[in-house]
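Derivation of every value follows stated rules applied to the coordinates shown; laboratory data play no part. Note that this is a predicted model, so its numbers are computed, not measured. A quick note on method: Cβ atoms are made from the backbone with ideal geometry, for glycine too, and the neighbour counts reach across all protein chains shown.
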């Protein structure tokens, strides 16, 4: 059974079909890339997977369970978490609090504890702190733990956003253009970081425009064009596909 | 942790010593008790407004619900103070839950209007329902409260009862905001969409913040009833809700400790401006405008007022 499966997922806004009958599967432990020109429906597709949009037609299955009409928070609880194309870290609060918010659905605290068993509440909160600080060590941000998120460099904020998504211990991580605004060195270290995650068992689905990055990291590439699945295959095949080059770069600028 | 223990102990000693420092002056103690009541109210409001970013113009109504509940239970049904206090808080919590339900569908300005309407309806009902609430005359002759055999009669007694309630309010709210619940409230304020993707059930949490904040207003109301020995609708007007909002903004939103200077400053300003009667509202408005211009996050606040 695939980890994630979409069946003929379709979403229209007014008269515009943003996502047209997309069926695909993501298996356990894979890194799958999705590319396509601007406006081809990639971000809409991730919004459908994370429950921000509801498909008009089609089903989304996660570990065999139909999650099509689950609200976002329940989907995160099931084990899908994501980052955003335009960075959405909570900029006015600390790095630590960002991560703890990311871990929200895994923290087994209750209002009963808060009001009537404060020691238990404190203990649970302390434990969750310990588990998120280990995430920061992986991306070398441990010394920034008490800084406001807005004071981090753009690349670091991107890493923080990924860590925040990882704090909920997802089985499937959805990344929406993680390299945007990163310099080549940061892209390189992100690549290493994601490969490490894959080794530890996280499945990753990435939308990205940085071809060098996506071709080196993804094991399988899905190409979207005008909301439809246009091609699917291993990076080498996609790269040499003349049709893909055409939709991506336009008729004139081939190469 | 140790630092916090020291701060708590120092505060406790200062709280016990304060009546003696004021040499039991009833006027100064009355102002202090006013500050205590409004601190409880504004701590609850800071949770709703400062932490969760929901603007409520009906906080005085929950204050009133607590006050009327205690007044009616104690004068007409022979309840003691402590059970009345608990019931008042829980009743405000319940009604806060009911009024919080529309937050699932109604957003921002519209929610604000809803709370405004609720506050006005509450006040009009208390004025009109003479048989139950005593109408504009209110309920008088609320008995002297006793807590575990301690008769609370003098200003100093009420001061200590108030400090106990305020301590309970502060400590429990502190526990709440340092848990996943408090962080969820902040996440909703900062970015509701991102919060829901973080696994936070945002509709439930908005109802929760509203109910919990109202709970404390109910406690404050209960205290007011026994302190004044009367409750009248004029205690719970829109002006009171607005004053609480001003206190929270001036002190600083999104930080519990900031509530205290905000309440104290405005309470003292109200007393100082008393000779100029109704013009004082003008000055209080001016203070808020100055704060918003020069220190939008409030005196000790964590975040500035948004949208």
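Tabulated values for the structure
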read-out	value
Most fluctuating residue given options A:159, A:119, A:48, as computed from a GNM of chain A linking Cα atoms under 10 Å	A:119
Cα centroid separation, region A:139-162 to region B:132-174 (Å)	48 Å
Per-residue Cβ neighbour rank within 10 angstrom, fewest leading, A:219, A:137	A:137, A:219
FRET efficiency estimate (nearest 0.05) - Cβ-Cβ, residue A:147 to residue A:21, R0 41 angstrom	0.35
Neighbour-count order for B:144, A:93, B:270, fewest beta carbons within 10 angstrom listed first	B:144, B:270, A:93
Cα long-axis angle, helix A:154-166 against chain A (0 to 90 degrees, to the nearest 10)	70 degrees
Neighbouring partner chain Cβ atoms per residue of B:273-282, average, 10 Å criterion	0
Average other protein chain Cβ within 10 Å of Cβ, residues A:97-107	6
Centre separation in Å (Cα based) which lies between region B:62-119 and region A:173-197	50 Å
Distance between modelled label sites at residue A:232 and residue B:107, nm, 7 Å Cα→Cβ extension	3.4 nm
Cα long-axis angle, helix A:118-138 against chain A (0 to 90 degrees, to the nearest 10)	40 degrees
Per residue Cα convex hull volume in Å³ - calculated over region B:97-149	134 Å³
Long-range tail of P(r) for chain B (Cα pairs > 23 Å, %)	55 percent
Calculated P(r) tail over 12 Å for region A:39-90, as whole % of Cα pairs	65 percent
Cα-only radius of gyration and Dmax that characterise region A:1-83, units Å	12.2, 37
0 to 90° range, to nearest 10: angle between helix A:184-199 axis and chain A longest Cα axis	80 degrees
Max mean-square fluctuation residue, GNM over chain A, Cα-Cα springs under 10 Å, options A:13, A:148, A:84	A:13
Normalised contact order of chain A, rounded percent, pairs of Cα under 8 Å and 6 or more residues apart	27 percent
Reciprocal of mean inverse Cα separation for the protein assembly as shown (Kirkwood radius, Å)	26.2 Å
Exposure proxy ranking, count of Cβ atoms within 10 Å, fewest first, for B:274, B:295, A:220	B:274, B:295, A:220
Shielding of A:72-78 by partner chains, average beta-carbon count, 10 Å	5
